[in-house]
Amino acid sequence: MSLTRQCRLLNLSRSGIYYTPVPVSDKDSVLMRLMDEMHLKYPFQGSRGIKNELWNKGYKVGRSHIRTLMKKMGIEAIYKKPRLSAPHPDHKIYPYLLRGLSITAANAVWSSDITYIPMAKGFCYLVAVMDWASRKVLSWRLSNTLDTSFCTEALEEAITRYGRPQIFNTDQGSQFTSDAFTSILTTHDIRISMDGRGRWMGNVFIERLWKSVKYEEVYIKAYGSIAEARQELTKYFDRYNKRRRHQGLDNITPDEVYCSTLPELQEAV
């Protein structure tokens with residue numbers, strides 16, 4: 001069967017069959033690494049602010065190219081927007097449920113987010129599922145694309161290993177508003193909560209996790225591959241959960257807080 005007929009049957013564009021993805025250039029890899037650090041330090045800056053910071057460092061790059069790279073990285077400036085546009089026209093947006101809620105027990109609220117991970121050559125994306133009260137990282141996945149599957153895999157692993165939370169909070173990213181992701185939550189009778197775009201306070205603890213991961217692990221290493229990144233991050237998250245004491249948790253570990261506040265364990269005592 002000819003390629004033309006195959007494309008017609010599958011409703012695919014014939015030009016896409018012959019397209020060869022172009023790898024990120026070394027220059028763009030350097031820019032994206034710098035932009036990631038700037039966004040982590042100044043999350044309120046948009047393409048104009050990041051362009052100015054790069055110019056201060058001697059990188060004469062245009063604002064339009066900055067916007068292109070920001071889209072590729074999955075980052076945007078954090079600020080209150082008067083009108084929130086839906087991330088995907090066909091995806092349902094759920095209300096924010098955490099306002100005024102006191103969250104002190106494990107498995108009361110989980111949250112999830114995606115971040116950009118620079119490597120020696122290229123980059124990848126990291127998604128994590130975190131327990132809100134204990135800051136424990138329940139599961140995580142790496143991917144070289146911003147698809148939905150690595151997010152659903154992390155979610156399913158967390159539920160399999162730790163049960164289910166009462167509420168699951170995310171931003172309005174298309175991965176989290178997709179039917180594939182939300183159907184897992186509704187199937188397990190988990191209430192869905194979503195921040196408004198740019199409302200970083202709704203996921204403040206996982207945003208702090210990204211800062212810790214990058215400054216304590218990612219930025220001081222140059223992963224040669226996703227396989228190496230996965231190996232090193234496995235060690236990091238094991239230490240983060242079991243041995244790294246948190247000032248915000250009265251200098252005890254996430255594992256200790258999670259186990260001590262888990263309702264099932266408290267009832268058994």
(Q) How much of the DSSP bridge set in the chain is antiparallel, in percent, rounded to the nearest 5? (A) 70 percent
Q | Dipole magnitude of segment 102-247, debye to nearest 20 (Cβ charges: Lys/Arg +1, Asp/Glu -1, about Cα centre) | A | 680 debye
Q: For segment 23-79, evaluate the Debye formula with one uniform point scatterer on each Cα (no solvent term) and list log10 I(q)/I(0) at q = 0.23, 0.25, 0.26 Å⁻¹, rounded to two decimals.
A: -0.85, -1.02, -1.11
Q | Inter-centroid distance (Cα atoms) of segment 54-79 relative to segment 98-117, Å | A | 29 Å
Q: Any chance you could run the full-extension gain for Thr104 through Ser225? It's 0.36 nm times the residue separation minus the Cα-Cα distance, nm to one decimal.
A: 39.7 nm
Q) Cα centroid distance between segment 208-269 and segment 119-160, in Å? A) 13 Å
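Using +1 on the beta carbon of Lys and Arg, -1 on that of Asp and Glu, and nothing else charged, what's the dipole of segment 23-79 about the Cα centre, debye to 20? Before the final figure, lay out the partial values.
Details: 11 positive and 6 negative charges, 44 e Å.
Its charge dipole is roughly 220 debye.
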Q. Taking every DSSP beta bridge that has both residues in segment 109-268, what percent is antiparallel when rounded to the nearest 5?
A. 70 percent
Q. Which of rounded, prolate, oblate describes segment 83-174, given a ≥ b ≥ c as roots of the alpha-carbon gyration tensor eigenvalues and a/c under 1.5 marking rounded, otherwise prolate only if a/b is larger than b/c?
A. oblate
Q) Placing +1 at every Lys and Arg Cβ and -1 at every Asp and Glu Cβ, with all other atoms neutral, what dipole size does segment 87-149 have around its Cα centre, in debye to the nearest 20? A) 160 debye
(Q) Contact order normalised by length for the chain, with contacts defined as Cα pairs under 8 Å and 6 or more residues apart; what percent is it? (A) 18 percent
Q.
For a protection proxy built on the mean count of beta-carbon atoms within 10 angstrom, sort 172-180, 3-11, 27-35 highest first, please.
A. 172-180, 27-35, 3-11
**Q.** Principal-axis tilt of helix 26-41 within the chain, Cα atoms, nearest 10 degrees
**A.** 30 degrees
Q) Which FRET efficiency value, to the nearest 0.05, is calculated for Ser212 and Arg8 with the Förster distance at 45 angstrom and r the Cβ-Cβ distance? A) 0.35
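Could you give the length gained by full extension between Lys57 and Lys92, i.e. 0.36 nm per residue of separation minus their alpha carbon distance, to one decimal place? Spell out each step's value before the answer.
On the way: separation 35, 0.36 × 35 = 12.60 nm, distance 4.18 nm.
Difference between extended and current length: 8.4 nm.
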Q.
On C-alpha positions alone, give me the angle between the axis of helix 204-213 and the longest principal axis of the chain, in degrees, nearest 10.
A. 70 degrees
Q) Cα-Cα over 29 Å: which of Lys27/Lys136; Lys27/Lys92; Lys57/Lys136; Lys41/Lys121; Lys51/Lys242? A) Lys27/Lys136; Lys27/Lys92; Lys57/Lys136; Lys51/Lys242
Q.
Please compute the modelled spin-label separation between Asp179 and Arg245, points set 7 Å along Cα→Cβ, answer in nm with one decimal.
A. 5.1 nm
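As an exercise, find the ratio Rg/Rh for the chain from alpha-carbon atoms, using the Kirkwood inverse-distance average for Rh.
Result for the chain is an Rg/Rh of 0.99.
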(Q) Rounded, prolate or oblate, given the Cα gyration tensor of segment 109-268, with a/c below 1.5 counting as rounded? (A) oblate
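Every read-out reported here was derived from the displayed coordinates using simple, explicitly stated rules and does not represent laboratory data. Predicted, not measured: the structure shown is a model, and the values here were computed from it. Neighbour counts are summed over all protein chains in view; Cβ atoms, including those assigned to glycine, are modelled from backbone coordinates with ideal geometry.
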